[in-house]
Amino acid sequence: MVLCLGRGIVTNQRIRMNLSKSKFVAGHQCLKRLYLQIHEPDVAGEADEKTQAVMEQGHEVGRWAQKMFPGGLLIEAGHEELDKALTQTKEAMPNKHLPAVFEGAFVYDKILARVDILKRLPRDRWRLVEVKSSNSLKDYHLYDVAIQRHILEGCGFRVIPCLMHLNREYVYDGKQYDLKKLFVVHDLTDETKAIEKEVKDLIREERKVLARGTPPDIEPGSQCMNPYTCEFYGHCNKPLPMDHVENLPGLSAKNLEKLAALGIESIAGIPKDFPLTDRQRRAWECAKTGKPWFGKGLKKALADLRYPLYFMDFETLGVALPRYAGMSPYDQIPFQWSVHVQRKPAADLEHFEFLPEEDVDPRLAFVMALCPVLGKKGSIIAYNSGFESGCLESLAEWFPKYRNEITDIQKRLWDLLPVMRDHVYHSAFCGSFSLKSVLPALVPEMSYDGMEVAEGNDAGLAWEKMVHSKVGSAERKRLREALLTYCKQDTLAMVRLLNVLRTA
């Protein structure tokens, strides 16, 4: 183990580290999260495929960021080889032939940091670069950079602390990334200086918490999902009964505190004179009566529908690094659609679908197959149609030849989500109006439970695996069937929900 001391590095001094850069940042989000990471890591939920995909995406962005600094040396020793990483860093830093060091390991005040990029500057200075796969600078990034500045300066290095992230305005030409335009770099010297005392105070507070025999008593709240979903979310947030007050739609933290102060946990137990929004009052009435609520304006809302009816759903994949020509960081790749068609009342349903099987740009084929299916007239029903409209707008920008047809489709979109929000409530919604919540409540025979692909994130990951990984033909076929089943379920769900609303 090595210990940074002043401007030198002392070797062979065994020290017990109780913090690292990542754990410090975890403690900034929630001190209980930090405590559990150190003392009770086994109670964390397992990282799912989505989390793993996000992490790998971050690693990929990091690898491209390193290409901005040619000739740099990567400290390859992993976290399980800390002694080796520290030794390699110690040897690399004085070598003036190295313009940059990647993943350098440093310890100061018993805090470890692996620094993404250190760029050598004149006059014995370094540019400290923290790389993020986001497309903007976030407030919480400051603490990530500030703790690294604290450690590096404690080790005696003069640094200019910076953060590098993807440039949302960059447009990929489909050939080669222009790295100087792909990334944006912010000098955070002033910002990290301004929170220097706060960082030191937090270090002391974190160590006090870690020295305790029990985790801090912190109630679940917004910190459970902000800025990241905590790996201990399931441990701290136990399942609530359906009639719990937290399942009131749109309940503010202030009103939740008021209800807690009154000792009220059940929606039905809320006093009649307690201030609630109209939507919350409907949930209260449903809890009282045990019956679903359908508003008087429902039939009028449905009267705008015009046959033929098209029930449409898109699936997309969001990637940090633009993959095809014309795309920018975090543009969605539309890769799948499903459309159920009912030509006239009581007519049999027709079903159409699109899902490419090969690793090729799906966008043009997507729109070319979609336009003829949707025809020239009739309502196009979607659930949260703003999503589909946004995808269509991107397609029109990428392929101007289809602008007129796409604009016509956008004009015919009819959104089922606001109709549900304004005119329907069922206690089983548990405050959510997502399709996955309302469908089993109103159409009990239909559910997403047990489906291999059961939500949009699952779909994107499944398609990515199907076309971009080395899976066998049987696995590829299984993934394709799961994707087709899921997207078809989404459009059929809207058919069934509309039938329920029309007979309510």
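Ordering ASP458, ASP187 by the number of other Cβ atoms within 10 Å of each residue's own Cβ, fewest first, gives ASP187, ASP458.
For the chain, what proportion of DSSP beta bridges, expressed in % and rounded to the nearest 5, is antiparallel?
On the way: 40 of 56 bridges.
So the antiparallel bridges amount to about 70 percent of the total.
Within the range 354-393, name every residue whose backbone N is under 16 Å away from a label modeled 7 Å from Cα of ASP408 along the Cβ vector. Answer for this model: 367-380. Candidate cross-link partners of LYS132 among the lysines, defined by an alpha-carbon separation under 22 Å and a same-chain spacing of 8 or more, comprise LYS21, LYS23, LYS50, LYS67, LYS119, LYS180, LYS181, LYS193. If the segment from SER136 to LEU305 were pulled out straight at 0.36 nm per residue, it would be longer than the present Cα-Cα gap by 56.8 nm.
Excluding same-chain neighbours fewer than eight residues apart, the aspartates and glutamates reachable from LYS401 by a Cα-Cα span under 15 Å are GLU393. Estimated from helices alone, the mean residue ellipticity of the chain at 222 nm is -12500 deg cm²/dmol (sum of -39500 (n - 2.57) over DSSP H runs with n ≥ 4, per residue).
Distance between the modelled labels on LYS67 and VAL360, one decimal in nanometres: 2.5 nm (7 Å Cα→Cβ projection).
Each Cα pair under 8 Å and six or more residues apart adds its separation to the average, and for the chain the resulting relative contact order is 13 percent.
Using 0.36 nm per residue and subtracting the Cα-Cα separation, the extra length available between HIS351 and ALA454 on full extension is 35.1 nm.
Using only alpha carbons, the chain has a radius of gyration to Kirkwood radius ratio (Rg to Rh) of 1.02. Model label points for ASN384 and GLU219, set 7 angstrom from Cα along the Cα-to-Cβ axis, are 2.8 nm apart.
Rg/Rh for the range 453-504 (Cα atoms only, Rh after Kirkwood) is 1.19. Cross-link partners for LYS84 among the aspartates and glutamates, with Cα-Cα distance under 18 Å and sequence neighbours closer than 8 places in the same chain left out: GLU76, GLU103, ASP116. Taking R0 as 35 Å, what FRET efficiency do you get between LYS272 and ALA504 from their Cβ-Cβ distance, rounded to the nearest 0.05? It comes out at approximately 0.85. A simple charge model with +1 on the Cβ of Lys and Arg, -1 on the Cβ of Asp and Glu and nothing else charged puts the dipole of the range 120-204 at about 280 debye relative to its Cα centre. If R0 is 35 Å, the Cβ-Cβ spacing of ALA194 and GLU76 corresponds to a FRET efficiency of close to 0.50.
Return the percentage of antiparallel bridges among DSSP beta bridges fully within the range 292-504, rounded to the nearest 5 %. The antiparallel fraction comes to roughly 75 percent. Fully extending the segment from SER434 to TYR330, taken as 0.36 nm per residue of separation minus the present Cα-Cα distance, adds 35.1 nm. Which of rounded, prolate or oblate describes the range 239-291 when judged by the alpha-carbon gyration tensor and an a/c cut-off of 1.5? Rounded. Counted by neighbouring Cβ atoms within 10 Å, the residues ILE203, ILE160, ILE147 run from fewest to most as ILE160, ILE203, ILE147. Legend: ranking of residues CYS230, CYS224 from fewest to most surrounding C-beta atoms inside 10 Å; resulting order CYS224, CYS230.
Since every read-out is calculated from the coordinates, none of them should be taken as a lab result. Keep in mind that this is a model prediction, so the values were computed, not measured. Quick reminder, even Gly has a Cβ in these numbers, built from the backbone with ideal geometry, and neighbours come from all protein chains shown.
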